[in-house]
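> Starting off with a structure, shown below.
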């Protein structure tokens with residue numbers, strides 16, 4: 001019979017293996033997109049056999065879904081004054097992406113969504129389930145429904161140009177300058193009749 005400490009050690013090892021697989025998968029999906037990423041390459045990056053990836057995640061689609069389980073971690077926008085809402089959104093996404101873009105599941109998904117329908121559908125789901133309701137709580141459902149898509153376009157455009165395409169004119173800007181320049185554009189979308 002296994003002791004409790006043996007089970008705990010096995011659980012910890014299993015958790016570390018899963019975490020290593022997910023980290024390797026995010027990096028591969030970020031660098032190569034969905035189509036070019038293989039289970040074998042992810043396993044190699046994680047330092048394990050490909051059968052372990054299959055054991056934990058089943059197949060490439062399930063691995064992709066698990067690696068890109070995304071919580072946008074949006075702040076409670078109902079507590080933000082209306083005149084600060086746009087700046088709060090821009091600041092939130094900048095802060096999120098300024099960490100490690102290679103390990104940011106949202107950027108990995110954005111890169112993959114450009115060429116993969118499954119990833120594009122996943123992006124739609126995430127923004128529909130998280131951004132739209134957050135804006136609806138702050139602005140009211142009718143206005144939010146008309147504005148959430150355009151606000152998402154602005155924020156994802158920032159992510160695409162700064163962190164994936166790395167356009168020099170955008171990457172050279174300090175985050176404060178981006179916030180100052182982009183917040184009025186987002187505000188104009190939120191306030192448009």
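Every read-out reported here was derived from the displayed coordinates using simple, explicitly stated rules and does not represent laboratory data. Note that this is a predicted model, so its numbers are computed, not measured. Cβ sites come from the backbone with ideal geometry, for glycine too, and all protein chains shown count toward neighbours.
> Sorting 162, 23 on the 10 Å Cβ count, fewest up front, what's the list?
Result, fewest neighbours first: 23, 162.
> Another question about this same structure. If a/c stays under 1.5 just call it rounded; otherwise compare a/b with b/c (prolate if a/b is bigger, oblate if not). Do that for segment 1-101, with a ≥ b ≥ c from the square roots of the Cα gyration tensor eigenvalues.
In terms of gyration-tensor shape, oblate.
> How many angstrom lie between the Cα centre of segment 68-113 and the Cα centre of segment 118-178?
Segment 68-113 and segment 118-178 have Cα centres separated by 8 Å.
> For 52, 123, what ranking results if the residue with the fewest other Cβ atoms within 10 Å of its Cβ goes first?
The fewest-first ordering by Cβ neighbours comes to 52, 123.
> What is the angle, in °, between the Cα long axis of helix 4-36 and the longest principal axis of the Cα atoms in the chain? Nearest 10 is fine, range 0 to 90.
Between helix and principal axis, roughly 60 degrees.
> Report the percentage of all Cα-Cα pairs in segment 77-191 whose separation exceeds 21 Å, rounded to a whole percent.
That tail contains 36 percent of the Cα-Cα pairs.
> Using the count of nearby Cβ atoms within 10 Å as a rough guide to exposure, how do 51, 44, 152 rank from fewest to most?
The most exposed by this proxy come first: 51, 44, 152.
> Where does the chain land at 222 nm, in deg cm²/dmol rounded to the nearest 500, when only DSSP H runs of n ≥ 4 count, each adding -39500 (n - 2.57), divided by all residues?
Rounded to the nearest 500, it is -24000 deg cm²/dmol.
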